[in-house]
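Below is one structure; the comments refer to it alone.
The values are calculated or read from the model by the stated rules, or taken from the named source; none is laboratory data. Note that the structure is a prediction, hence the values are computed from the model and not measured. Cβ placement follows ideal geometry from the backbone for every residue including glycine, while neighbour counts extend to all protein chains displayed.
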Amino acid sequence: MDFSDGRGYDRSLVRGAEASMKDVLAVKKDERVLIISNPNREVRMISMALYDAALKAGAKPVLMYQVEKGHFDFAEEEVIKAMASEPDIVLSISSNRLGKDKWGLKHGYKGKKRKYDHVFDQLYDEKRMRSFWSPGITCDTFTRTVPIDYTLLRKDCKRLSRILTWCDSVHVTAPGGTDFTLGVKGRKARADDGDFRTRGRGGNVPSGEVYISPALGTASGTIAYDGSIVVDKGEVVIKRPIVVDVKNGYISRISGGSEAAALKKTISMAEAKAKKMVSEGLLKPADGESYAKNASNIGELGIGLNRKARIVALMLEDEKVYGTCHFAVGSNYDGDAESLIHLDGLVKRPTIVAVSGSGKEARVMTDGRLA
């Protein structure tokens, strides 16, 4: 069925959908493509545009809808089973979140690398599929930020990834008051460069960031969030900076206005939810304690590189804004600091300096511009 006549979605989405299939995924004939979405209008239209683009590329797409999921909600059992069938490509085009895996949280999935609490993470990290995920995507964001110069983006991502993987620590300062250091020795930088053409590759669409998990217990200093941030009710543009003091990897103090209060509340909710899941038998006691503790962990440093992105109170796009960096509160991407939350928050116009073990410095960004 072709919806591109305007009855199902706006034709302005076609260019982004076809770029997703060709430039981002390089979809091949007869590949199985699972698209998981919600009935909400904008993600539904984007999903249908992607469905048609997959058909046009010769693939075999399947489109599933489930009700919208939040930070603490579970994905429907049918969705988990569909992913477990191991399609070649899984796309999550959601209004909010894909949803947690109830069975995975309780029992876990064994992998060659580690144990996983979600089937999606197992298939992706074990290189058994490729994917992209777009939580909260809107038609405006999809139209503006997906059909971009991927050659330039991949060039920028490759250079920054090399620097962040090479160094032992990173120092970030910014006009808003950020003065923060994190160790990254033994960590590998990851590039959300829109190159998801081989198994085990994936990331966001829109793409456009390089990110790394701090080595455990090494992050210290002050983060002054002054762009936007994710809290339990969704993303907010920050009017009064949220000042977060960090010691040995964990938040020790949060100050500011209403946005700071919302961040505190969200962290407290994640701690309480982890403990409740222990009482419900969904988490083992030791895991529940770890999940609760890591709700105040600093789990990521990311650097935005998409020149078409703007701060619009949609973190999927905001974190890709060129000239910003972001620090996440909660879980990391290396699987050794699990939490029920991962709350990205932006810092504008950062100066970022990578430092080797011998003290040699490599400037990554100066006042929001690539060095």
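Okay, residues lined up against (1) without any contact (Cβ under 8 Å) to a residue 60 or more places away in the chain; (2) of a type in the set (D, E):
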{"position": "S252", "(1), (2)": "yes, no"}
{"position": "G257", "(1), (2)": "yes, no"}
{"position": "K264", "(1), (2)": "yes, no"}
{"position": "E271", "(1), (2)": "yes, yes"}
{"position": "K276", "(1), (2)": "yes, no"}
{"position": "G330", "(1), (2)": "no, no"}
{"position": "V347", "(1), (2)": "no, no"}
Next on the checklist: Among the residues that make up the range 81-88, is at least one of them among the charged types (D, E, K, R), touching a helix residue (DSSP H, G or I) at 6+ places or on another chain (Cβ under 8 Å) and surrounded by fewer than 18 Cβ atoms within 10 Å (Cβ to Cβ)?
Outcome noted: yes
If you go through A224, A174, A191, the only one that is without any contact (Cβ under 8 Å) to a residue 60 or more places away in the chain, among the aliphatic types (A, V, I, L, M) and surrounded by 20 or more Cβ atoms within 10 Å (Cβ to Cβ) is A191
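For the range 1-105, list the strands (runs of 3 or more DSSP E) that sit wholly inside it and hold at least 3 residues that are modelled with pLDDT under 95 and either within 22 Å of the chain's Cα centre (by Cα) or in the same structural domain as K284 (by TED's automatic domain parsing) (or both); which are they? Can you show your working first?
Details: elements: 32-37, 60-65, 89-93.
Passing ranges: none, list empty.
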Condition set part of a strand (DSSP E or B) and touching a residue at least 40 places away in the same chain (Cβ under 8 Å), scope the range 305-328, selection surrounded by the most Cβ atoms within 10 Å (Cβ to Cβ): answer is C325
Residue pairs qualifying under the 6 Å Cβ cut-off, at least six apart or on distinct chains, with the first in the range 75-104 being of a type in the set (S, T, Y) and the second being assigned to a loop (DSSP other than H, G, I, E, B) and surrounded by fewer than 17 Cβ atoms within 10 Å (Cβ to Cβ), are S95/N40; S95/E68
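Select, from A274, A286, the only residue that is buried (at least 23 other Cβ atoms within 10 Å of the Cβ), within 26 Å of Y109 (Cβ to Cβ), not assigned by TED's automatic domain parsing to the domain that holds Y124 and not charged (D, E, K, R). Give the derivation first.
Values: A286 fails: buried (at least 23 other Cβ atoms within 10 Å of the Cβ).
When all the criteria are applied, what remains is A274.
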